[in-house]
Amino acid sequence: MNLADKVLYATDCLITKLSKDIALLQFISKHLSWGLLSGSKSIKHEDDEVLDFKTFFMDIIEKEQIPIDNPELMIFTIVELINSTCHNVILMGEPVTYSDYKPYLFRTIRLIIEDAING
């Protein structure tokens, strides 16, 4: 899996988990990016080590030697995109359902990553 595939997989897992816990999503909806980037939310790495979201992706970028000038900014942009758009899609059901929105979101995330690598 390339970086974009890994980011999309983690994004899908995160959104799926949050969509099943509406109370948690409402609680963190205004501070999702801060929570993910500050280490208060975590994901499991391949070797079962639990890492914060930012460290998880920074490790992938470093390990695979992906040439990105400002990976923190790329990660922040993706998290902000997820936060702002999925809040409306999941909590409000507007303008479409998450399953309808997912292809657009994933395509946009993939473009952000490709631009960060090629930019």
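Within segment 1-37, the set of residues being polar (S, T, N, Q), part of a helix (DSSP H, G or I) and either under 12 Å from Ile75 (Cβ atoms) or at pLDDT 75 or above (or both) comprises Thr11, Thr16, Ser19, Ser33.
Checked against (1) assigned to a helix (DSSP H, G or I); (2) open to solvent by less than 70 Å² (accessible area, probe 1.4 Å); (3) without any contact (Cβ under 8 Å) to a residue 12 or more places away in the chain, Arg107 passes all but a single condition, namely (2).
The values are calculated or read from the model by the stated rules, or taken from the named source; none is laboratory data. In this text, all values refer to a predicted model and were calculated from it rather than measured experimentally. All Cβ positions, even for glycine, are placed from backbone atoms using ideal geometry, and neighbour counts span all protein chains on display. What goes into the accessible areas is simple: the full protein's heavy atoms, side chains included, and nothing from ligands, DNA or RNA. Shrake-Rupley method; radii C 1.70, N 1.55, O 1.52, S 1.80 Å.
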